[in-house]
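Below is one structure, written out as structure tokens; comments come after it.
The values are calculated or read from the model by the stated rules, or taken from the named source; none is laboratory data. Computed from a prediction, not measured in an experiment: that's the story for all the values here. Cβ coordinates were reconstructed from backbone atoms using ideal geometry, including for glycine residues, and neighbour counts include every protein chain displayed. Accessible surface areas use protein heavy atoms only, side chains included; no ligands, DNA or RNA. Shrake-Rupley method; radii C 1.70, N 1.55, O 1.52, S 1.80 Å.
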Amino acid sequence: MTARHTPREQVKIFDTTLRDGEQSPGNTMNIQEKLRVARQLEILGVDIIEAGFPIASQGDFEAVKLIAETIRTSEVAGLARANDTDIDRAWEAIQHAALPRIHTFISTSDIHLKHQLRKTRDEVIKLAVKAVKRAKRYTPNVEFSAMDATRSDWDYLCRVYAEVIDAGAVTINVPDTVGYAVPEEFGSLIQYIINHVPNIAQATISVHCHNDLGLAVANSIAAIAHGARQVECTLNGIGERAGNAALEEIVMILKTRRDVFGVDTRINTEKIYPSSRLITSITGVPVQPNKAIVGANAFAHESGIHQDGLLKNKMTYEIMTPESIGLATSSLVLGKHSGSHAFRKRVEELGFNLTEEELKKTFKRFKDLADKKKEVFDEDIQALIAEEVLRAPDIYKLINLTVVSGTAAIPTATVEMEVEGKFVRDAGFGDGPVDAAFKTIAKITKTKSKLLKYAVNSITGGTDAQGEVTVRLEEDGTIVVGQGAAMDIIMASALAYVNALNRLEHAKKKNIQGLY
Ligand code: KIV
Ligand code: ZN
């Protein structure tokens, strides 16, 4: 089944992991983490990176600005509601991008107009046109989204699109904001827009699907089949509520079923798996094991009949190869005799893009680990990199932890931390070693969060395996997840707790409100 690769029409991949994805609970990232994701998205080959919503907070603004100043080969989009203040702020953030794009939006469904915007249809058209014209003063690359398009009146929607295209929008987006559409209907809507918007040839049709009914990817694909040429999606499908359409699924559907859809993307599919892992490592939010393309079981064949078939010919039960998404299949295990070259090679094979300094730092940690542990597996290296370089601390950093506990001792923790650059040391008791460590950290950081979940996993097998701890904290309704890994599970717990506290601080600073 070797596909003939004649060039076909391109579908643009618009990634909104850093905007719609990051906005969802548990997925907040700080500025350094966002920059790392943006760099990875550029390597992955996404056409457009939606870097954030600059008006939402100072932190969002700074992150979008930094990404715009760094990224060179992907477009960088900033989101703005249809008003002057948002648009001016979005431009301020993205103006130094090599390829800037302003993405402005307003709702078009009657239900949103009546209850949220309290505006008439004509008023909304005026605002949309005004917003596009203002954005055009800054850049020719303006995208317009009709929020809640799928619950809007189709003829009114077509009027809106025709007017914004006249005003200069070069991309018109059709969001299924509440995940209400079903594929046939959504495909027909795209066809309807093509047939009823007279100037549609001057714009690219984009779609943006949410997954409330589990149809985000199916809807996006139906739209492409009917002529949409941009899809908005996120890595691992993260996003508001049930999430957004998953980038990896859309891309691999188009690649695997090129015979059906006849379109290409610019995505370097071998970077899909490392990109997915990066999001998991940074946010600590795991991917469900049976998730298509990037789930742990996506390429695991358990049944005897399947295994037998695979051994005879891979194509019997495999429609795409693990290598095509960059899933390393090497079983090479590193140990204490492995040198820096072997380590660097493995890190690269796992898809990480580290600087020389980061490599040096992680190699040292690897050597320490290899001294204690006979075999260092890929999962150990991934955890170590996540711990050492991917999760950027905001204000709290754990330096040292000593815990005394035993059947006849009151569990006591001595903790040394850096809090906003200042060294702090304290000690405290608890009901067990982890409790003592958490209470002392809470005392040092003066935080009052509630522990919702505490889970320990062993990263690989054996009693010398690293422990990976996940904690979920809540404060004033904000929920965050933190992760930590170390051979000592008390240390891993403390790292996870500090990671979650940093995320909590970051989430509190963001405080996104008033999105309509
Ligand atoms: O879901 C939605 O409608 C959005 C818009 C801002 C495009 O995220
Ligand atoms: Zn959305």
Handout entry: Residues (open to solvent by 10 Å² or more (accessible area, probe 1.4 Å) and among the basic types (Lys, Arg)) located in region 86-110
Key = ARG89
Exercise for the section: Restrict the check to region 159-176 and report whether at least one residue is farther than 22 Å from ALA77 by Cβ and surrounded by fewer than 24 Cβ atoms within 10 Å (Cβ to Cβ). Expected result: yes
Practice task
Report yes if VAL124 is crowded, with 20+ Cβ neighbours inside 10 Å and either more than 31 Å from the chain's Cα centre (by Cα) or not assigned by TED's automatic domain parsing to the domain that holds VAL207 (or both), otherwise no.
Solution key: yes
Fill in the blank from the handout: Screening ARG277, ARG346 for residues that are open to solvent by 50 Å² or more (accessible area, probe 1.4 Å) and outside any loop (DSSP other than H, G, I, E, B) leaves only ARG277
Problem - Scan of region 476-505 for residues that are charged (D, E, K, R) and open to solvent by less than 30 Å² (accessible area, probe 1.4 Å), ordered by number - result: ARG503
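Going through ALA223, ALA203, ALA242 one at a time, which residue ends up being in contact (Cβ under 8 Å) with a residue 12 or more places away in the chain, among the hydrophobic types (A, V, I, L, M, F, W, C), within 16 Å of ligand 1 (Cβ to nearest atom) and surrounded by fewer than 18 Cβ atoms within 10 Å (Cβ to Cβ)?
Details: ALA223 fails: surrounded by fewer than 18 Cβ atoms within 10 Å (Cβ to Cβ); ALA203 fails: surrounded by fewer than 18 Cβ atoms within 10 Å (Cβ to Cβ).
Of ALA223, ALA203, ALA242, the one residue that is in contact (Cβ under 8 Å) with a residue 12 or more places away in the chain, among the hydrophobic types (A, V, I, L, M, F, W, C), within 16 Å of ligand 1 (Cβ to nearest atom) and surrounded by fewer than 18 Cβ atoms within 10 Å (Cβ to Cβ) is ALA242.
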Completion exercise
Expected single match for farther than 29 Å from GLY45 by Cα, open to solvent by 50 Å² or more (accessible area, probe 1.4 Å) and within 14 Å of ligand 1 (Cβ to nearest atom) among TYR180, TYR192 is TYR180
Practice task
Report yes if ALA162 is assigned by TED's automatic domain parsing to the domain that holds ARG266 and under 29 Å from ASP259 (Cα atoms), otherwise no.
Solution key: no
Completion exercise
Within region 187-212, the residues that are closer than 16 Å to ASP148 by Cα and either touching a Lys or Arg at 6+ places or on another chain (Cβ under 8 Å) or within 15 Å of ligand 2 (Cβ to nearest atom) (or both) are ILE205, SER206, VAL207, HIS208, CYS209, HIS210, ASN211, ASP212
Exercise for the section: Would you please name the residue that is most open to solvent (accessible area, probe 1.4 Å), looking only at residues in region 366-417 that are over 20 Å from THR470 (Cβ atoms), assigned by TED's automatic domain parsing to the domain that holds SER340 and of a type outside the set (A, V, I, L, M, F, W, C)? Expected result: LYS374
Handout entry: Options HIS337, HIS306: the member that is outside the structural domain of LEU504 (by TED's automatic domain parsing) and at pLDDT below 80
Key = HIS306
Completion exercise
Only one of ILE250, ILE305, ILE272 is more than 23 Å from GLU22 (Cα to Cα) and not acidic (Asp, Glu), namely ILE305
